[in-house]
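Beneath this line is the structure, given in structure tokens, with notes to follow.
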Amino acid sequence: MDAETVLTTTRSVRRKLDLEREVPGAVLADCVRVAQQAPVAGNMAGQLRWLLVRDAGLKSKIAEYTRETAEAAWARFGHLIEERTLVSTQHLVRNLARVPVLAIPCMLTRPPGDEFGQSAYFGSAYPAIWSFQLALRARGLGSSICGYPLRDHEAEVAAVLGIPEDVMPVTLLAVAYTTQPDFRAAARPAAEDVTYFDTWGNGEAAG
């Protein structure tokens, strides 16, 4: 699969995850290897760790916390979400315990309090997370960020998984092979509609 195809067809996969097919540890390790090559702020190099949860009992506990937070959020804000997105999200959350792998990227330090520091902190984590998702896609797997359990239940999830207090679980990704091999590019604003040259609002490319 060429790079442009990987970049333009890596979707947030929720309803087309294969909940029955096991994901080999070697495949996951290879994707982490790729992710470790993502750009990172100099002082953040070496701070990222990958906790890959495959144990059914642990996944079940995480899924319980996920459903609790998600159901409360849907009750309040579900009417604001596009129906198709809401349905697919509900499917993932309600089947999270069946997803073969729950990947939790963690940083060895807590985020700093200032905005500039936070930019470098999370700006060092998410390029690696995206690279991990791209590497999965290139190998026939899908993923979806599902951060619900860490919003209200970070301490509980950390206790279940033995994550130290000074370690920050950045997010959670559901990981599995996909039930279909091909995905198409999503509808997005055209490049010419969102690109300015030299000054704000100038959409004309000189030369």
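What are the residue pairs meeting all of these: first residue in segment 159-174, first residue farther than 15 Å from residue 50 by Cβ, second residue hydrophobic (A, V, I, L, M, F, W, C) and assigned to a strand (DSSP E or B), Cβ atoms under 9 Å, and 6 or more apart or on different chains?
No pair meets every condition.
Every residue, every condition in (1) in a strand (DSSP E or B); (2) exposed (fewer than 11 other Cβ atoms within 10 Å of the Cβ), yes or no:
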site	(1), (2)
86	no, no
116	no, yes
125	no, no
149	no, no
177	yes, no
192	no, yes
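Which pairs have Cβ atoms under 7 Å, sit 6 or more apart or on different chains, and link a residue in segment 177-192 that is farther than 23 Å from residue 138 by Cβ and touching a residue at least 60 places away in the same chain (Cβ under 8 Å) to one that is surrounded by 10 or more Cβ atoms within 10 Å (Cβ to Cβ) and of a type outside the set (Ser, Thr, Tyr)?
Between residues of segment 177-192 that are farther than 23 Å from residue 138 by Cβ and touching a residue at least 60 places away in the same chain (Cβ under 8 Å) and residues that are surrounded by 10 or more Cβ atoms within 10 Å (Cβ to Cβ) and of a type outside the set (Ser, Thr, Tyr), there is no close pair.
So, in segment 1-53, how many residues would count as being of a type in the set (Asp, Glu) and touching a residue at least 24 places away in the same chain (Cβ under 8 Å)?
Our first condition is that a residue be of a type in the set (Asp, Glu); within segment 1-53, this holds for 2, 4, 18, 20, 22, 30.
Subset that is touching a residue at least 24 places away in the same chain (Cβ under 8 Å): 18, 22, 30.
Number of matching residues: 3.
Given the conditions (1) touching a residue at least 60 places away in the same chain (Cβ under 8 Å); (2) farther than 30 Å from residue 46 by Cα; (3) buried (at least 19 other Cβ atoms within 10 Å of the Cβ), report the number of the one that residue 93 does not fulfil.
Checking residue 93 against (1) touching a residue at least 60 places away in the same chain (Cβ under 8 Å); (2) farther than 30 Å from residue 46 by Cα; (3) buried (at least 19 other Cβ atoms within 10 Å of the Cβ), the one that fails is (1).
Is it the case that residue 34 is part of a helix (DSSP H, G or I) and within 19 Å of residue 142 (Cβ to Cβ)? Can you show your working first?
On the way: part of a helix (DSSP H, G or I): yes; within 19 Å of residue 142 (Cβ to Cβ): yes.
Judged against the criteria, residue 34 is a match.
Restricting attention to segment 64-84, does a residue exist that is aliphatic (A, V, I, L, M), part of a loop (DSSP other than H, G, I, E, B) and farther than 21 Å from residue 21 by Cα?
Let us first name the residues in segment 64-84 that are aliphatic (A, V, I, L, M), namely 70, 72-73, 75, 80-81.
From what's left, part of a loop (DSSP other than H, G, I, E, B): 81.
Adding the requirement that they be farther than 21 Å from residue 21 by Cα leaves 81.
Yes, that holds for at least one residue.
For segment 45-63, how many residues are part of a helix (DSSP H, G or I) and either among the aromatic types (Phe, Trp, Tyr) or exposed (fewer than 12 other Cβ atoms within 10 Å of the Cβ) (or both)? Reasoning before the result, please.
Here is the first cut: in segment 45-63, the residues part of a helix (DSSP H, G or I) are 56-63.
So of that shortlist, the ones also either among the aromatic types (Phe, Trp, Tyr) or exposed (fewer than 12 other Cβ atoms within 10 Å of the Cβ) (or both) come out as 56-57.
Residues in segment 45-63 being part of a helix (DSSP H, G or I) and either among the aromatic types (Phe, Trp, Tyr) or exposed (fewer than 12 other Cβ atoms within 10 Å of the Cβ) (or both): 2 in total.
Every read-out reported here was derived from the displayed coordinates using simple, explicitly stated rules and does not represent laboratory data. Nothing here was measured: the structure is a model prediction, and the numbers come from that model. Cβ sites come from the backbone with ideal geometry, for glycine too, and all protein chains shown count toward neighbours.
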